Amino acid sequence: MVVRVPVELKSNSIILRTAALANSGYEAEEPEVHIPIALAKKLGFKLEGIRGERYGVVGAEVTAYILGEVMLRAKTEDRESSWIEARAVTVPGEHEVILSDSLIEKMEIEILKPSSGLWRFSGENKVRESEKASYWPD
């Protein structure tokens, strides 16, 4: 199992709720989030003419396409983080929202037991269970 947290993404006055994979191995210098193409369309991102950048991933390289900026927050039934601005990217063929290490930290999410799917908000004692995966196929 992995840690997935409930998030809301906001772009172009549209707010959508989904689960996001908290991936501490997704290293980024600034808060960054991977948004699947299908979700990017629902959020109003224009996909024509977007530029790509090469990303190194587990012994290979992929092209990540830069969507722009998005606001997001972790939101559970009893608590929510502040809205955080993040750089939004997409990689064709990846169908999950994925949070980078710097975004996880900004959202004040602490991964407690990654294999068991347990996490919490910084400064709280309540241990939370991972959300079910949300996939956004093209």
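The condition (being surrounded by 19 or more Cβ atoms within 10 Å (Cβ to Cβ) and closer than 27 Å to residue 116 by Cα) is satisfied by just one residue among 22, 28: 22.
If the condition is being at pLDDT below 90, touching a strand residue (DSSP E or B) at 6+ places or on another chain (Cβ under 9 Å) and of a type outside the set (A, V, I, L, M, F, W, C), then segment 53-77 contributes 53, 54, 55, 56, 61, 63. Against the criterion of being at pLDDT 95 or above, among the aliphatic types (A, V, I, L, M) and surrounded by fewer than 19 Cβ atoms within 10 Å (Cβ to Cβ), residue 15 qualifies. Residues of segment 1-49 that are in contact with a helix residue (DSSP H, G or I) (Cβ under 8 Å, 6 or more places away or on another chain), acidic (Asp, Glu) and free of Cβ contacts under 8 Å to residues at least 60 places away in the same chain: none at all.
In segment 82-99, the qualifying residues are those that are of a type outside the set (Asp, Glu) and modelled with pLDDT under 95, and the one that is nearest to residue 135 (Cα to Cα) is 93. Scanning segment 96-117 for residues that are within 17 Å of the chain's Cα centre (by Cα) and either farther than 21 Å from residue 27 by Cβ or outside any strand (DSSP E or B) (or both) returns 96, 100, 101, 102, 103, 104, 105, 106, 107, 108, 114, 117. Among the residues of segment 100-129, those that are closer than 16 Å to residue 20 by Cβ and of a type in the set (S, T, N, Q) comprise 100, 102.
The set of residues in segment 52-79 being assigned to a loop (DSSP other than H, G, I, E, B) and surrounded by 10 or more Cβ atoms within 10 Å (Cβ to Cβ) consists of 76, 79.
Screening the candidates 104, 98 for the property of being in contact with a His (Cβ under 6 Å, 6 or more places away or on another chain) and surrounded by 19 or more Cβ atoms within 10 Å (Cβ to Cβ) yields one hit, 98. If you scan segment 18-30, which residues turn out to be aliphatic (A, V, I, L, M) and modelled with pLDDT under 95? The one that is aliphatic (A, V, I, L, M) and modelled with pLDDT under 95: 28. When 20, 40 are checked against the criterion of being part of a helix (DSSP H, G or I), aliphatic (A, V, I, L, M) and within 14 Å of the chain's Cα centre (by Cα), 40 stands alone in meeting it.
The values are calculated or read from the model by the stated rules, or taken from the named source; none is laboratory data. All of these numbers come straight from a predicted model, not from anything done at the bench. Every residue, glycine among them, receives a Cβ derived from its backbone with ideal geometry; neighbour counts consider all protein chains shown.
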